[in-house]
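A quick write-up on the structure given underneath.
The values are calculated or read from the model by the stated rules, or taken from the named source; none is laboratory data. None of the values given here were measured: they were computed from a predicted structure. Neighbour counts are summed over all protein chains in view; Cβ atoms, including those assigned to glycine, are modelled from backbone coordinates with ideal geometry.
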């Protein structure tokens, strides 16, 4: 991922997205699975709202109040909620296609090869070719513009909890210092905050290497 170009002034480093660029494991802090899927669910909800706006009669009754079962993973929807979801998807081909695309998109994070992940995403976008899902087309363009950051997950599958905690620590380091003039020094401070053994006080010298490498 290309490093951001700092604007005039030293307070640009207070921007957390710029700061986390320098952490190798969190270079895609804003491109992780949670944030990408959130945008996909927003696109699906826009499709639902568009269908609800032009719906009438029985179909409008099927759509009303079904937001959460539509946005949930299908495997997690059971019982009467599953029956209601099946009725809803059976009544609208556009919602059915949008829902199937939403479910299949999760496979993007199962690949270990960047080439395979790229091929999967291209095939996923190809399915949008003749659809009128404008919200999905917009989502696909957004993913394409950040795809290099998303592909970083293939190299190192970092959990969402680790990314969010690192993001928060970096933000707190920058906030406490009211910004940094030296970006390299800021990088070291963030690494120190995110590395447990570096935060300890050792008055009698350095910590033996075997203590933190084992």
Point to revise | Test: residue 98 is part of a helix (DSSP H, G or I) and in contact (Cβ under 8 Å) with a residue 40 or more places away in the chain | key: yes
Practice item. Among the candidates 83, 103, single out the residue that is in a helix (DSSP H, G or I) and farther than 25 Å from residue 35 by Cβ. Key: 83
Exercise for review: Only residues that are in contact with a helix residue (DSSP H, G or I) (Cβ under 9 Å, 6 or more places away or on another chain) and within 13 Å of residue 33 (Cα to Cα): list them for region 157-170, please.
Suggested key: 157, 158, 160, 162, 163, 164
**Study point:** Subset tally (residues that are surrounded by 10 or more Cβ atoms within 10 Å (Cβ to Cβ) and either in a helix (DSSP H, G or I) or touching a strand residue (DSSP E or B) at 6+ places or on another chain (Cβ under 9 Å) (or both)) for region 69-78
**Key:** 4
Check your understanding: Since residue 23 meets every condition but one in (1) modelled with pLDDT of 85 or more; (2) not assigned by TED's automatic domain parsing to the domain that holds residue 133, which condition does it not meet?
Key -> (1)
Study note, to complete from the structure: The number of residues in region 106-141 that are in a loop (DSSP other than H, G, I, E, B) and either touching a helix residue (DSSP H, G or I) at 6+ places or on another chain (Cβ under 8 Å) or not assigned by TED's automatic domain parsing to the domain that holds residue 48 (or both) is 8
Check your understanding: Is one or more of the residues making up region 183-190 at pLDDT 85 or above and within 30 Å of residue 109 (Cα to Cα)?
Key -> no
